[in-house]
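The values are calculated or read from the model by the stated rules, or taken from the named source; none is laboratory data. These figures come from a predicted structure and were not determined experimentally. Because the Cβ atoms are built from the backbone with ideal geometry, glycine has one as well, and the counts that use them run over all protein chains shown.
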Amino acid sequence: MSLSKFIANRYIYSKKKMGFFSVFSIITISGIALGVFVLILSLTVLDGYDKIISDKIYSFNSHLKISAFGNNDLPNNSEIEDTIKKTIGNDFVSMKRFVEKGVIIKKNNKLLPLLFHGLDLSGNKSYISKYIINGNFLNSNKKNEIIIGKALAKRLNIKVGDEIILYSVNSKNISPFSINSMVDKFKVSGIFKSGMAAYDDQIIYTSLITAQNFFQLNNKISGYNIRISDISKLKFYKTKLTKILNYPYYPRTMFDIHRQIFTWIKLQKKPIPIVLGLIILVAIFNIISTLLIMILQRLKDIGIFKTLGMNKKSIRKIFVFEGLALAIIGIIIGDVLALALSFIQIKFEIIKIPAKIYFISDAPIYINWVNYFLVSMFALIFSYLAALIPARIAANYLPIKSLRFK
């Protein structure tokens, strides 16, 4: 260990202690740790929103949705399906037909308007199945089975195995004197939880065949849910399909359908550079002020070092090492705190947020190690630059003035 490092360590663990570190050391470490913790946690939550909401939206819908203008019905046309596959080409992953219409649910004398969504259960298992928390997912061989969201089940006191009554109104035949209604009884086979109010509280899922029979559609559908391998090309394929399919087909991306959610996430990310700048600025002033106070306390020491022959470079190193050591300790503490809180939130979901405002009920967390690395490196670099200022001041003190200072 060099002499400069040895002296820096002695200053950090000085006799004027508060616990293990000196008072000023603890102040500096706390400021840096808090800044790193807040910034990493902010990025973790925003990344969580972006990833988790996107994953859930794609699980309950798809990347591309093709429906009819005015929510009209579409014919089950194999030629159209072939055209869609050929248009997307190698990026095509899957295509599922669906039916989606409004219904009214009746349970315990309560009436509530909802969406009734029929899923195509052929081929691979639906992505929604991974969100089932009670009971079982839909069985294609069983009729009149449904799955509902946890929030809706709680609101209407519905359990797995309960039977509910659904009413549908055929809007095409509505008149002031007569309403053509479809009514049927359904059994709850499972309860899912996505954490998003738009699904957990507003949509009931069933099989495609059950929905077609209930709405008396014969073989008609509401549209297609399409998945592709490269979502960066969503806008390109949407434009291409719009030109090829024409009326009444209406292609939309999930970014179009849930524009308000993705716009909100984008807006939340814009202030991040400002927040980063403010945290860095606070950390810089914190380090500079702390080291300057330490220098004022150790002017006699600096005078002695110079009298004994220590050059300016070595004296600068003492305070640079001291600043870096405090910064590294603060950065590590900030990283550990952010990581600990992230794991606690993932495991226990202790931080609740209003779903009607933020779209999901629990604060989302996505641990991205790149964020930890970048924030830590930025904090370290700026801490080093901040330590250079007081270090240079200390090195330029004249021995005579330092020894005479009282």
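Would you be able to tell me the number of residues in segment 46-74 that are of a type in the set (G, A, S), assigned to a helix (DSSP H, G or I) and over 27 Å from the mean Cα position of the chain (by Cα)? Step through it out loud before you land on a result.
Initial filter on segment 46-74 (of a type in the set (G, A, S)): 48, 54, 59, 62, 67-68, 70.
Then keep just the ones that are assigned to a helix (DSSP H, G or I); that gives 48, 54, 59, 70.
Filter once more, keeping what is over 27 Å from the mean Cα position of the chain (by Cα): 70.
So the answer is 1.
What's the number of the condition T87 fails, among (1) at pLDDT 85 or above; (2) touching a Ser or Thr at 6+ places or on another chain (Cβ under 9 Å); (3) more than 14 Å from I221 (Cα to Cα)?
(2)
Regarding I280, is this residue surrounded by 14 or more Cβ atoms within 10 Å (Cβ to Cβ), in the same structural domain as V45 (by TED's automatic domain parsing), touching a residue at least 24 places away in the same chain (Cβ under 8 Å) and more than 15 Å from A386 (Cβ to Cβ)?
On the way: surrounded by 14 or more Cβ atoms within 10 Å (Cβ to Cβ): yes; in the same structural domain as V45 (by TED's automatic domain parsing): yes; touching a residue at least 24 places away in the same chain (Cβ under 8 Å): yes; more than 15 Å from A386 (Cβ to Cβ): no.
Considered against the rule, which asks whether it is surrounded by 14 or more Cβ atoms within 10 Å (Cβ to Cβ), in the same structural domain as V45 (by TED's automatic domain parsing), touching a residue at least 24 places away in the same chain (Cβ under 8 Å) and more than 15 Å from A386 (Cβ to Cβ), I280 comes out as no.
Restricting to helices (runs of 4 or more DSSP H) lying wholly in segment 172-264: which have 1 or more residues that are modelled with pLDDT of 90 or more and surrounded by fewer than 20 Cβ atoms within 10 Å (Cβ to Cβ)?
Correct list: 208-214, 234-245.
Name, by its number, the condition in (1) assigned to a helix (DSSP H, G or I); (2) at pLDDT 80 or above that does not hold for I367.
Single failed check for I367: (1).
So the check is Cβ under 7 Å with 6+ separation or different chains; which pairs have a first residue in segment 52-70 that's modelled with pLDDT of 85 or more and a second one that's surrounded by 16 or more Cβ atoms within 10 Å (Cβ to Cβ) and among the basic types (K, R)?
S62/R227; H63/R227; L64/K238; K65/R252
Is it the case, given these coordinates, that G48 is of a type in the set (G, A, S), crowded, with 18+ Cβ neighbours inside 10 Å and modelled with pLDDT of 80 or more?
It is true that G48 is of a type in the set (G, A, S), crowded, with 18+ Cβ neighbours inside 10 Å and modelled with pLDDT of 80 or more.
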